[in-house]
Each structure stands twice: as C-alpha cells, then as structure tokens.
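Nothing in this text is a laboratory measurement; each read-out follows from the coordinates by a stated rule. No experiment lies behind these values; they were computed from the predicted model shown. So basically every Cβ, Gly included, is an ideal-geometry build from the backbone, and we count neighbours across all protein chains shown.
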Amino acid sequence: MFELGPIFRALLRQKVGAVLIALQIALTLSIMVNAIFMMQNRSTLMARPSGLDEANLFYLSNTVFAQNYPHQAALEDDLRLIRSIPGVVDATQINAIPLSGGGWSMSLQKKAGEGEDGTGVAVYMVDEHGINTLGVELIQGENFQNTDIRWRAASAVDWPERTIISQAMAEALFPGNWQSALGQTVYINNNEPMQITGIIKTLQAPWNGWDGVERSMLVPYQLEGRNNRYMIRTEPGRRDELMPIVEKALAESDKNRIIRGVTSLEETRANSYRSHNALNRILLLVIVVLTLITAFGIVGLAMFSINRRKRQIGTRRALGATQLQVMRYFMLENLLITSLGVLIGVAAAIGLNIWLVSQFELKPLEPMLLLTGVVALYLVGQLAVLYPARKAAAIAPATATRSV
C-alpha cells in the first residue's frame, strides 16, 4: 500500500547519502542518550543533601598577625560575641568546611593495631555548639558536653575519647546493623580508642567527588592557632543581612587579626559543583548541535532527492497521485532511513554505556531513557522531512512534460 518497492529501489540508487544520514542518526542517538545519562548522574550527585542548614549558614576566616596572642581567650570572646548578636542562632569554630574541597580525613578501625582494615572518614572539629550550628540531625546518642571539649595545638597528634559519626560512617563500620555503632569503640591512628557517643543522619565531607562523601565524624576539639574559621547559623532569611554585621563586629572587637572570606554555604556548594554544571551545559550544547546537524542532513538529502526526481514526481501527480500520497512517500522513505540509524544507534548507545559504567562506576543506562532517545530521533526525522515532503507535494503535474 505504501509502495515499499519503489522506495527501496530509490534508496539503492542513492545509497551513499542514505547510509550517511543513517550513520549520522546512529551517532546522534548514541551520544544523545549517553550525554543525558551523564547529565542525570551529575544532577543526582548535585542534589544530594549535605545534611546542613545550608540556606542559613555562612563562615569566615580569622587570621591573627599579633605576637603573643591569647588564642584561647580570644576564641572564647569571639564566639560569645557572635552568639550574642540578634538573629544569630549559634556559632562554632570548625577546622573544615563541607563541600569546600579542602579538609581533614583519617581512618577508623574496629580493631587496634597496624595492618587492620580501616575506613576513611572526614573529620570536623567542633565544640558542643557544633551540631546546633551546622543544623545536622542527631538521630542516636547525645551531643558533646562542655567538659568534653579539648584544645588542640597545631603540633598535636592525640585524639579525644569521644566522637559522633554520620549514619553513612556507621553503615560502613557495621554493615547491615548501623544502629549497633552507638557505644562502640573504634580506633584512630591504629591504636587510639574513641567511643561513638552519637550518630547524626547526614553530614557531607569537603570533597564532593569522594565515594565516601557522607562518611564524616565530629570530634570535640577547639583549635589553637593563627588561622581558624567560624561557622555561623542565622535565623531563617537573615543570613545575608547578618554576614556584614558579624564581620564588622569581629573586626572592631580586636585589631590584632584580619577577618576575611565571609562566604555563605550555598555559595560554597555552587562553587563545589561548578565543574558539574559546566559539563552539563557542554553536554546539552553537544546534544542540540548534533540534533540540528542531523535534522539539516535529513532536509538536505530529501531536497537533493526531490530535485533529482521532479519529473518522476510530476508524472506520478499526472497519473493521479494526490499531494498527501507524495508527502507520505518521502516521509516513509525517511522513516526507513531513520529506522536503520536507530538500530545501529541503539547498539552503539548500549556499547558506549557499558564502557562508561566500567570506567566511572556508574549505574547502567535505564531502558526508558534509551526508548525516549529513539522516539526523539524518529520525531526529529519526521519533522525534518516534513518541509521537503511538502515541497515535493507542491510539484505540478505539468512538470512531467518539461524537458530536463
């Protein structure tokens, strides 16, 4: 009914062009599907909750330049000052900033001794205000007490006796029974014991590309040194208002140091995933460009074919073929070319995805995404050939009587 025989014979006469368009469709499908697959993976990574009250958190750096500076007393005065400012919920000194790209990491062991298996963990040093400041959720155990907090000099190598770990860290240490981690003793630096006295739901590490990004621990330390950071949590909606106020209050309270680097945690998250966003935009551009090239290729091949077959089309029109039949002919011809390209493209897309999964430890491609890509390419093919098909349908029957 659709005159498949004449269509096949016409395609065989211009098989080079048809094959090139089919290969272009295959290339577009394989790259499109896997590009969207990679974009989805990165979007999933960027959407992971950090566990913190990001919208109301900011931090700043405190750099001391004076000699014989009373670090401990000054730190306590600073924190009292910050916490007394109206609109500030809480504040703590902290050694590293989540998602900032720089921080501390150690290894925890369930058994003491050299050679025992350890699990990497990000280390955050805070006081008893740390949990409230960060806004993390304590799901088991208890917070640090003031009596637990110890001072840590820059040269110190020892560790406190208590720690609070994230649920992900508890699952890594005690697979299948993370709740049993509470009260257990783990070892840091091979032999130093630490008791797990609390478990928080989520707290991301400073490194978003780390496979253990949610494995973290809090230790009751305050740092004694010339460079430190304060994390400040504000009442909802008041962060931007209070950032310059806190900076000014600290700067005016002590002229022997410099306050700088006042940054919101949301800005830190945006900077942390800047490369992910950039790559997603590049992949989106690649998809758009490839799709346009494929569409223009289809248009070009169809127009070339129509220009070569004007007399044939005119003859068909003179013999009674309607405009709809002529349009249907060229759209079906394109459908066959697209089908060949889709078959090749599906195989190429699956092969490329297998390689990506093996190289980057990603989850396999979902069939629905592949099906969506196939449907999209069929739609692109039919829409691209629509204009040439209408041009072909508009060829007058009188064309058959004209000389070439």
The size of the Cβ-based charge dipole (Lys, Arg +1; Asp, Glu -1) of the chain about the Cα centre, to the nearest 20 debye, is 3800
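So for the range 148-191, what are the equivalent ellipsoid semi-axes in whole Å, largest first, each being the square root of 5 times an eigenvalue of the Cα gyration tensor?
Its equivalent ellipsoid spans semi-axes of 25, 11, 9 Å.
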Quick one: among Pro193, Pro206, Pro364, which has the greatest mean-square fluctuation in a GNM of the chain with alpha-carbon springs under 10 angstrom?
Pro364
Highest GNM mean-square fluctuation, the chain, Cα pairs closer than 10 Å: which of Ser216, Ser84, Ser272?
Ser84
Expressed to one decimal in nm², the mean projection of the alpha carbon convex hull of the range 1-142 is 21.8
Sorted from largest to smallest, which semi-axis lengths in Å does the alpha carbon gyration tensor of the range 287-363 give for its equivalent ellipsoid, taking the root of 5 times each eigenvalue?
39, 13, 9
³J(HN,Hα) computed for each position of the range 39-49 - Karplus, 6.51 cos²θ - 1.76 cosθ + 1.60, integer Hz, glycine/proline x
5, 5, 4, 5, 5, 5, 4, 5, 8, 4, x
Name the shape class, rounded, prolate or oblate, that the alpha-carbon gyration tensor gives for the range 106-164, where a ≥ b ≥ c are the square roots of its eigenvalues, rounded holds for a/c under 1.5, and otherwise prolate holds if a/b is larger than b/c and oblate otherwise.
oblate
Can you give the Rg to Rh ratio of the range 73-217, both from alpha-carbon atoms, with Rh computed by the Kirkwood formula?
0.96
Given the candidates Leu332, Leu99, Gln140, the one whose Cα lies deepest towards the positive end of the charge dipole of the chain, counting +1 at each Lys or Arg C-beta and -1 at each Asp or Glu C-beta, is Leu332
Taking only the alpha carbons of the chain, what extent do you get along each of the three principal axes, in Å, biggest first?
104, 50, 32
I'd like the Karplus ³J(HN,Hα) series for the range 384-398: coefficients 6.51, -1.76, 1.60, θ = phi - 60°, whole numbers in Hz, and an x wherever there's a Gly or Pro.
5, 8, 4, 5, x, 5, 5, 4, 5, 5, 7, 5, 6, x, 4
Of the beta bridges DSSP finds with both residues in the chain, what % are antiparallel, to the nearest 5?
70
Normalised by the empirical 2.2 N^0.38 Å for globular proteins, what value does the Cα Rg of the range 312-399 take?
1.59
Could you go through the range 373-380 in sequence order and give the Karplus-derived ³J(HN,Hα) for each residue, using 6.51 cos²θ - 1.76 cosθ + 1.60 with θ = phi - 60°, rounded to whole Hz, and x for Gly and Pro?
x, 4, 4, 4, 5, 4, 5, 4
Looking at the calculated P(r) for the range 131-228, what percent of the C-alpha pair distances fall above 18 Å?
50
For the pair Met368 and Arg311, what calculated FRET efficiency results from E = 1/(1 + (r/R0)^6), where r is the Cβ-Cβ distance and R0 = 41 Å, to the nearest 0.05?
0.30
The range 43-82: radius of gyration and largest Cα-Cα distance (Dmax), Å:
16.6, 49
What does the helix-only formula give at 222 nm for the chain: each DSSP H stretch with n ≥ 4 adding -39500 (n - 2.57), the total divided by the residues, and the result rounded to the nearest 500 deg cm²/dmol?
-17000 deg cm²/dmol
Within the range 312-404, list the trypsin sites (Lys or Arg not before Pro) lying in a DSSP loop whose Cβ has at most 14 other Cβ atoms in a 10 Å radius.
Arg402
Place +1 on the Cβ of every Lys and Arg and -1 on the Cβ of every Asp and Glu in the range 148-283, take the dipole about the Cα centre, and give the residue among Ile188, Val213, Leu265 whose Cα lies farthest towards its positive end.
Leu265
Given 20 °C and 1.002 mPa s, how large is the Stokes-Einstein diffusion coefficient of the range 176-241 in µm²/s, with Rh as the Kirkwood radius over Cα pairs?
139
Dividing the alpha-carbon Rg of the range 223-362 by 2.2 N^0.38 Å yields what?
2.18
For the range 208-261, I need the span (max minus min coordinate) of the C-alpha atoms along each principal axis, in Å, sorted largest to smallest.
42, 32, 22
Please list, in chain and number order, the residues 5+ apart from Asp127 or on another chain whose amide H is under 5 Å from its amide H, with Hs placed from the backbone.
Gln93
Placed amide H near Arg162: partners under 5 Å, 5+ positions off or other chain:
Gln195
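Give me the net charge of Glu161's neighbourhood, meaning all other residues with Cβ under 12 Å from the Cβ of Glu161; Lys, Arg count +1, Asp, Glu -1.
Taking every other residue near Glu161 into account, the sum is -1.
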Going through the range 260-294, which trypsin sites (Lys or Arg not before Pro) have at most 12 other Cβ atoms within 10 Å and a DSSP loop state?
none
